[in-house]
Amino acid sequence: MEKLFLIISLVLYAYAPEYFSGTYCWVLFIIFIANAAYIYVKDLRYEKIGFNIFFTIAFFLVTYLYPIFISPFFPDFLILSIPLYNYEVVSQGTALANVAYACYGVGYIYILNNAVPTTLSTSDVTVENREIAEILTEKQVRMVTLVCVVLFGIFVVSGGLTFFRMAYHEGENESFPGISGFVWIFLQTFCLVVMMANFKRNSITVYAVLAVIIVTLLAVGTRTLPLNLLIPAMYYYCYKKNLRLSRIVMAGGVVIAVFMIVGFVRANGTAMDAAGGDAIAEKFRAFMDFIIPNRDLYVIFSHVQNDGITYGISSMSYILATIPFMQSVFIKLTGLPEYMLASERMTTYWEFGDDPNAWGLGTNIIGDVYLSFGFVGVILLFLFLGYFVAKSRELMIRKNRTGTLLYMILTSSSVFMCRGAYFYSFKNVVWTLLIVYIVRCLYKEVVYDERENKIMIAEESTKTNELA
């Protein structure tokens with residue numbers, strides 16, 4: 001069935017009208033809803049909430065808000081009063097998004113049909129089986145928590161909170177002061193590591209530390225790290241307790257409400273005013289973070305039609321970010337302007353040029369891939385995304401440490417990657433695996449093995465007892 005959705009999406013894309021058609025977009029929307037419902041029903045025996053549902057909801061918001069729910073009722077709507085893009089490509093861009101999602105579904109369902117053991121369905125899995133693999137020992141978790149506290153302290157002292165407060169409450173668009181930007185990069189990954197590692201340990205102290213960090217960051221207006229931490233926490237709690245769908249919806253509603261309130265408070269009119277928000281746009285202030293990516297998809301699609309793809313250059317920023325200072329080195333070696341390394345910088349440059357005070361326009365995951373690798377890239381990379389996500393989840397169910405880390409990281413970034421880049425979580429994946437490996441190598445827990453009458457590394461002691 002998933003292959004049929006892909007074939008239909010490909011046909012619709014091939015015959016997409018070169019003008020905006022509300023009827024055509026409604027046909028695409030119905031196909032998307034049917035495809036999403038099919039995937040969810042197939043996936044329901046393994047989990048009620050996870051990467052798939054988070055990703056699908058965000059995908060819907062960055063693809064269909066404008067053509068289905070805004071344009072027919074507000075034809076004069078201007079996103080942040082920016083000059084109109086090529087209105088004629090809306091239908092084609094939306095059709096491309098349907099192809100991308102259908103490819104994701106094919107890769108995802110392939111694992112469901114061929115790899116995940118049917119004995120691990122939600123109907124017969126026990127609470128014990130819902131435990132995840134141990135990421136770090138108790139002492140290792142305490143050490144990484146201490147690193148988080150130190151990094152957060154440095155971030156606060158170096159002016160990081162002031163930067164966010166000025167950006168979101170005062171409307172100023174400056175760069176991180178001092179070393180706070182450098183510390184912020186590491187803080188995000190270390191917080192994610194300690195959050196995932198503590199799921200097994202369940203230390204109240206660790207949760208308290210993370211709660212302080214989350215609340216403090218929300219108070220100054222930033223939602224990125226708090227959301228990246230709360231999404232996997234919510235997922236794991238629902239997975240572990242096997243909550244009823246009604247309770248999951250209630251919990252999700254509370255989280256969404258909190259973040260919408262933060263969005264209203266942090267904007268306080270300044271962001272919209274600075275970007276030139278018009279009266280109609282004010283009606284959709286709560287959804288602006290997702291409406292703008294709708295526009296980004298059309299802008300990028302139109303740009304590729306006229307000027308071609310970047311052959312991966314516009315995805316280099318997230319890949320190079322895995323090595324500190326590598327972006328600067330790459331720019332010096334190649335002579336390429338910085339804005340060309342990321343699609344979100346390119347969309348901003350196309351509208352505002354080098355204006356340092358311009359608000360970033362962001363990007364769209366479909367447009368990001370299309371700009372870098374074209375139509376073939378969209379098919380291959382979204383097939384791989386569905387496969388990789390489902391495979392990671394399968395490994396997590398089997399209590400594989402690497403699979404657990406991969407799936408939790410992907411789930412944490414499932415919302416932001418839709419209104420961002422395809423490789424949004426690439427740095428977190430690489431750094432998390434590296435941090436966990438280094439911590440486990442350098443800080444191994446030592447125990448006294450009574451059977452062997454000697455001090456041994458905890459893991460070695462366990463293996464010895466198992467052999468005995």
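Bear in mind that the values in this text are calculations on the coordinates, not laboratory data. Since the model is a prediction, treat every value here as computed from it, not as a measurement. Here Cβ is always computed from backbone atoms with ideal geometry, including for glycine, and neighbour counts include all displayed protein chains.
Between ARG398 and ASN113, what length in nm is gained on full extension when 0.36 nm per residue of separation is reduced by their alpha carbon distance?
Net length gain for the segment: 101.0 nm.
Among 29-39, 134-144, 432-442, what's the highest-first ranking by average C-beta atoms within 10 angstrom per residue? Spell out each step's value before the answer.
Working: 29-39: 17.4, 134-144: 19.1, 432-442: 15.0.
Result, highest mean Cβ count within 10 Å first: 134-144, 29-39, 432-442.
Given the stretch 357-405 reduced to its alpha-carbon atoms as identical point scatterers, what log10 I(q)/I(0) does the Debye formula return at q = 0.18, 0.23, 0.24, 0.25 Å⁻¹?
Ignoring solvent entirely, the Cα scatterers give -0.68, -0.78, -0.80, -0.83.
Beyond a 20 Å Cα-Cα separation, which of these cross-linked pairs lie in this structure: LYS139/LYS240; LYS48/LYS241; LYS48/LYS427; LYS200/LYS399? Don't skip to the answer; put the middle values down first.
On the way: LYS139/LYS240 23 Å; LYS48/LYS241 11 Å; LYS48/LYS427 28 Å; LYS200/LYS399 11 Å.
Result: LYS139/LYS240; LYS48/LYS427 exceed 20 Å.
Starting with the highest mean, order 202-214, 45-57 by the number of other Cβ atoms within 10 Å, averaged over the residues of each peptide.
Highest to lowest by the protection proxy: 45-57, 202-214.
Packing-wise, with mean Cβ within 10 Å as the measure, how do 225-231, 15-21 rank, highest first?
225-231, 15-21
Compute the whole-percent fraction of alpha carbon pairs in the stretch 1-61 spaced more than 20 Å apart. Walk me through the intermediate numbers first.
Details: 645 of 1830 pairs.
Cα-Cα pairs in the stretch 1-61 separated by more than 20 Å: 35 percent.
Please state, rounded to one decimal and in Å, the Kirkwood hydrodynamic radius that the stretch 315-441 gives when every pair of distinct Cα atoms enters the mean of 1/r.
16.1 Å
Over all alpha-carbon pairs in the stretch 186-238, figure out the percentage whose distance exceeds 16 Å.
Percentage above 16 Å: 35.
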